[in-house]
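Participant: Got a structure for you, written out below as C-alpha coordinates; questions coming shortly.
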Amino acid sequence: MNHHRRKWLMNLATMGGLSAVAPFLIRDVLAMGNRVYPQGMRKVQGVVKVNEQQAQQDTLVKAGDRVTTGDNSLAIFVLGRDAYMLRSNSMLEIAGDGGIVSSLNLLAGKMLSVFGKGEKKIMVPTATVGIRGTAVYAEVEPQRCYICTCYGKVEISTTKDPSIKESITTYKHDSPRYIYASGETMIAKAPVINHTDDELFMLEALVGRTPAFYVPGEYQGGNPY
(Lines give C-alpha, C1' and ligand atoms only; values in the text may rest on other atoms or scores of the structure.)
Protein backbone atom coordinates (compact mmCIF):
# COMPACT_ATOMS: atom_id res chain seq x y z
CA MET A 1 0.00 0.00 0.00
CA ASN A 2 1.14 3.55 -0.76
CA HIS A 3 2.81 5.13 2.29
CA HIS A 4 0.64 8.25 2.16
CA ARG A 5 -2.55 6.21 1.81
CA ARG A 6 -1.62 4.16 4.87
CA LYS A 7 -0.73 7.34 6.79
CA TRP A 8 -4.10 9.05 6.34
CA LEU A 9 -5.99 5.85 7.08
CA MET A 10 -4.08 5.45 10.31
CA ASN A 11 -4.72 9.11 11.14
CA LEU A 12 -8.44 8.47 10.73
CA ALA A 13 -8.23 5.48 13.01
CA THR A 14 -6.29 7.40 15.66
CA MET A 15 -8.68 10.34 15.56
CA GLY A 16 -11.77 8.13 15.63
CA GLY A 17 -12.96 9.67 12.39
CA LEU A 18 -14.45 6.41 11.11
CA SER A 19 -15.63 4.89 14.37
CA ALA A 20 -19.19 6.14 14.00
CA VAL A 21 -19.68 4.90 10.45
CA ALA A 22 -17.47 1.90 9.75
CA PRO A 23 -15.49 0.36 12.61
CA PHE A 24 -14.60 -2.60 10.38
CA LEU A 25 -13.01 -0.40 7.76
CA ILE A 26 -9.46 0.37 8.85
CA ARG A 27 -8.36 -3.27 9.03
CA ASP A 28 -9.93 -4.15 5.70
CA VAL A 29 -8.77 -1.08 3.80
CA LEU A 30 -5.20 -1.46 5.01
CA ALA A 31 -5.32 -5.02 3.70
CA MET A 32 -6.88 -4.15 0.35
CA GLY A 33 -4.15 -1.81 -0.94
CA ASN A 34 -5.38 -0.28 -4.18
CA ARG A 35 -7.83 -3.05 -5.02
CA VAL A 36 -11.47 -2.15 -5.62
CA TYR A 37 -13.53 -3.11 -2.60
CA PRO A 38 -16.12 -5.91 -3.00
CA GLN A 39 -19.54 -4.93 -4.31
CA GLY A 40 -22.68 -4.67 -2.22
CA MET A 41 -23.38 -3.74 1.37
CA ARG A 42 -20.25 -2.95 3.34
CA LYS A 43 -22.06 -1.84 6.52
CA VAL A 44 -25.63 -2.49 7.61
CA GLN A 45 -26.84 -0.88 10.82
CA GLY A 46 -30.44 -1.23 11.98
CA VAL A 47 -33.23 -1.69 9.46
CA VAL A 48 -31.81 -1.60 5.94
CA LYS A 49 -33.83 -3.12 3.11
CA VAL A 50 -33.13 -3.83 -0.54
CA ASN A 51 -36.41 -4.33 -2.39
CA GLU A 52 -38.26 -4.80 0.94
CA GLN A 53 -35.88 -7.54 2.10
CA GLN A 54 -33.64 -6.97 5.12
CA ALA A 55 -30.06 -6.52 3.90
CA GLN A 56 -26.95 -8.13 5.33
CA GLN A 57 -23.29 -7.36 4.77
CA ASP A 58 -22.42 -8.38 1.18
CA THR A 59 -26.04 -8.08 -0.04
CA LEU A 60 -25.70 -6.91 -3.63
CA VAL A 61 -27.27 -3.67 -4.81
CA LYS A 62 -27.88 -3.14 -8.52
CA ALA A 63 -29.69 -0.99 -11.07
CA GLY A 64 -33.44 -1.39 -10.59
CA ASP A 65 -33.23 -1.78 -6.80
CA ARG A 66 -34.79 0.30 -4.05
CA VAL A 67 -32.77 0.77 -0.85
CA THR A 68 -34.45 2.01 2.33
CA THR A 69 -33.31 2.66 5.88
CA GLY A 70 -35.34 2.90 9.08
CA ASP A 71 -34.93 4.83 12.32
CA ASN A 72 -31.39 4.92 13.72
CA SER A 73 -30.15 3.00 10.68
CA LEU A 74 -27.27 3.30 8.23
CA ALA A 75 -26.35 1.68 4.93
CA ILE A 76 -22.95 1.86 3.23
CA PHE A 77 -22.64 0.07 -0.11
CA VAL A 78 -20.61 -0.16 -3.29
CA LEU A 79 -22.13 -0.31 -6.77
CA GLY A 80 -19.65 -0.41 -9.65
CA ARG A 81 -17.05 2.32 -9.09
CA ASP A 82 -19.42 4.32 -6.90
CA ALA A 83 -19.95 4.22 -3.13
CA TYR A 84 -22.92 5.41 -1.10
CA MET A 85 -23.92 6.12 2.47
CA LEU A 86 -27.62 6.36 3.33
CA ARG A 87 -28.54 7.75 6.73
CA SER A 88 -31.71 7.01 8.73
CA ASN A 89 -35.17 7.16 7.14
CA SER A 90 -33.92 7.32 3.58
CA MET A 91 -35.34 5.90 0.36
CA LEU A 92 -33.26 5.56 -2.80
CA GLU A 93 -34.38 4.18 -6.16
CA ILE A 94 -31.58 3.17 -8.55
CA ALA A 95 -32.35 3.20 -12.28
CA GLY A 96 -30.29 1.84 -15.14
CA ASP A 97 -29.99 -0.69 -17.92
CA GLY A 98 -27.83 -3.78 -18.23
CA GLY A 99 -26.28 -3.29 -14.83
CA ILE A 100 -25.17 0.27 -15.59
CA VAL A 101 -26.65 2.94 -13.30
CA SER A 102 -28.07 5.98 -15.06
CA SER A 103 -29.94 7.79 -12.29
CA LEU A 104 -30.49 7.83 -8.54
CA ASN A 105 -33.81 9.04 -7.17
CA LEU A 106 -33.50 10.08 -3.52
CA LEU A 107 -37.13 10.20 -2.43
CA ALA A 108 -36.45 10.75 1.27
CA GLY A 109 -33.60 11.12 3.72
CA LYS A 110 -29.90 11.86 3.36
CA MET A 111 -27.23 10.43 1.05
CA LEU A 112 -23.50 10.95 0.64
CA SER A 113 -22.08 9.48 -2.56
CA VAL A 114 -18.83 9.37 -4.52
CA PHE A 115 -18.69 8.53 -8.21
CA GLY A 116 -16.23 7.21 -10.74
CA LYS A 117 -16.13 8.29 -14.36
CA GLY A 118 -19.36 8.43 -16.33
CA GLU A 119 -22.49 10.55 -16.46
CA LYS A 120 -25.37 10.04 -14.04
CA LYS A 121 -28.26 11.98 -12.55
CA ILE A 122 -29.28 12.40 -8.95
CA MET A 123 -32.94 13.29 -8.58
CA VAL A 124 -34.51 14.77 -5.46
CA PRO A 125 -38.10 16.06 -5.24
CA THR A 126 -37.12 19.66 -6.11
CA ALA A 127 -34.19 19.15 -8.50
CA THR A 128 -32.23 17.07 -10.95
CA VAL A 129 -28.44 17.05 -10.58
CA GLY A 130 -26.30 16.02 -13.52
CA ILE A 131 -22.99 14.58 -12.32
CA ARG A 132 -19.78 13.24 -13.79
CA GLY A 133 -17.15 11.68 -11.55
CA THR A 134 -17.75 13.78 -8.47
CA ALA A 135 -18.96 13.61 -4.86
CA VAL A 136 -22.34 14.85 -3.70
CA TYR A 137 -24.23 15.10 -0.42
CA ALA A 138 -28.03 15.39 -0.68
CA GLU A 139 -30.84 15.90 1.84
CA VAL A 140 -34.59 15.85 1.22
CA GLU A 141 -36.87 18.18 3.20
CA PRO A 142 -40.59 18.84 2.70
CA GLN A 143 -40.26 22.20 0.92
CA ARG A 144 -36.66 22.18 -0.20
CA CYS A 145 -33.71 19.92 -0.87
CA TYR A 146 -30.04 20.38 -0.13
CA ILE A 147 -27.15 19.63 -2.47
CA CYS A 148 -23.47 20.00 -1.63
CA THR A 149 -21.05 19.34 -4.45
CA CYS A 150 -18.18 18.15 -2.27
CA TYR A 151 -15.80 18.26 -5.24
CA GLY A 152 -16.20 18.12 -8.99
CA LYS A 153 -18.75 19.54 -11.38
CA VAL A 154 -22.54 19.30 -11.45
CA GLU A 155 -25.47 21.00 -13.13
CA ILE A 156 -28.54 21.59 -10.96
CA SER A 157 -31.94 22.24 -12.54
CA THR A 158 -35.18 22.75 -10.65
CA THR A 159 -38.03 20.29 -10.96
CA LYS A 160 -40.67 23.01 -11.20
CA ASP A 161 -38.91 24.79 -14.06
CA PRO A 162 -35.95 22.92 -15.65
CA SER A 163 -34.86 26.14 -17.37
CA ILE A 164 -33.81 27.41 -13.93
CA LYS A 165 -30.40 25.87 -13.53
CA GLU A 166 -26.90 26.43 -12.21
CA SER A 167 -23.57 24.85 -13.14
CA ILE A 168 -21.27 24.38 -10.15
CA THR A 169 -17.60 23.42 -10.03
CA THR A 170 -16.02 23.02 -6.60
CA TYR A 171 -12.70 22.03 -5.08
CA LYS A 172 -13.97 21.32 -1.55
CA HIS A 173 -17.55 22.06 -0.44
CA ASP A 174 -17.40 25.51 -2.05
CA SER A 175 -21.00 25.99 -3.23
CA PRO A 176 -23.74 24.15 -1.30
CA ARG A 177 -27.27 24.94 -2.45
CA TYR A 178 -30.86 24.77 -1.28
CA ILE A 179 -33.31 24.04 -4.10
CA TYR A 180 -36.86 25.06 -3.26
CA ALA A 181 -40.16 23.57 -4.42
CA SER A 182 -41.55 27.04 -5.14
CA GLY A 183 -40.92 30.71 -4.52
CA GLU A 184 -39.16 33.66 -6.03
CA THR A 185 -35.69 32.24 -5.48
CA MET A 186 -35.53 28.59 -6.48
CA ILE A 187 -31.78 27.96 -5.99
CA ALA A 188 -30.09 29.62 -3.02
CA LYS A 189 -26.73 29.52 -1.26
CA ALA A 190 -26.52 27.20 1.75
CA PRO A 191 -24.01 26.29 4.47
CA VAL A 192 -22.05 23.02 4.62
CA ILE A 193 -24.03 20.67 6.89
CA ASN A 194 -24.26 17.08 8.12
CA HIS A 195 -21.37 15.42 6.30
CA THR A 196 -17.64 15.19 6.91
CA ASP A 197 -14.43 14.81 4.98
CA ASP A 198 -13.69 11.65 6.99
CA GLU A 199 -16.82 10.10 5.48
CA LEU A 200 -15.62 11.05 2.00
CA PHE A 201 -12.24 9.44 2.66
CA MET A 202 -14.04 6.31 3.85
CA LEU A 203 -16.32 6.07 0.80
CA GLU A 204 -13.53 6.75 -1.70
CA ALA A 205 -11.36 4.13 0.01
CA LEU A 206 -14.07 1.54 -0.66
CA VAL A 207 -13.46 1.99 -4.40
CA GLY A 208 -9.69 2.42 -4.23
CA ARG A 209 -9.54 6.21 -4.48
CA THR A 210 -8.93 9.29 -2.35
CA PRO A 211 -10.98 12.52 -2.43
CA ALA A 212 -10.07 14.98 -5.17
CA PHE A 213 -8.91 17.55 -2.60
CA TYR A 214 -6.44 15.14 -0.95
CA VAL A 215 -2.78 16.20 -1.10
CA PRO A 216 -0.44 13.19 -0.61
CA GLY A 217 1.32 13.36 2.73
CA GLU A 218 -1.24 15.68 4.29
CA TYR A 219 -4.27 14.54 6.25
CA GLN A 220 -7.26 16.66 5.19
CA GLY A 221 -10.16 14.94 6.86
CA GLY A 222 -12.33 16.12 9.71
CA ASN A 223 -15.36 18.34 9.68
CA PRO A 224 -15.71 20.92 6.89
CA TYR A 225 -18.25 23.08 8.77
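Participant: Evaluate the stretch 199-220: report whether one residue or more is free of Cβ contacts under 8 Å to residues at least 40 places away in the same chain, touching a Ser or Thr at 6+ places or on another chain (Cβ under 8 Å) and surrounded by fewer than 16 Cβ atoms within 10 Å (Cβ to Cβ).
Facilitator: no
Participant: Give me a count of the residues in the stretch 23-55 that are β-branched (Val, Ile, Thr), closer than 17 Å to residue 79 by Cβ and either touching a Gly at 6+ places or on another chain (Cβ under 8 Å) or at pLDDT below 60 (or both).
Facilitator: 2
Participant: Then there's this: Please state which of the following conditions residue 141 fails to meet, knowing it meets all the rest: (1) free of Cβ contacts under 8 Å to residues at least 40 places away in the same chain; (2) surrounded by 19 or more Cβ atoms within 10 Å (Cβ to Cβ); (3) farther than 21 Å from residue 200 by Cβ; (4) not β-branched (Val, Ile, Thr).
Facilitator: (2)
Participant: May I pose another question? Can you pull out the residues in the stretch 83-92 that are within 22 Å of residue 210 (Cα to Cα) and buried (at least 21 other Cβ atoms within 10 Å of the Cβ)?
Facilitator: Passing the criteria: 83, 84, 85, 86.
Participant: Related question: Tell me, which residue of the stretch 93-133 that is surrounded by fewer than 23 Cβ atoms within 10 Å (Cβ to Cβ) and touching a residue at least 60 places away in the same chain (Cβ under 8 Å) is farthest from the chain's Cα centre (by Cα)?
Facilitator: Once the filter is applied, the top-ranked residue is 116.
Participant: Which numbered condition trips up residue 167, out of (1) touching a Ser or Thr at 6+ places or on another chain (Cβ under 9 Å); (2) part of a strand (DSSP E or B)?
Facilitator: (1)
The values are calculated or read from the model by the stated rules, or taken from the named source; none is laboratory data. Because the structure is predicted, anything quoted here is derived from the model rather than measured. Please note: Cβ atoms are built from the backbone with ideal geometry, for glycine as well, and neighbour counts cover all protein chains shown.
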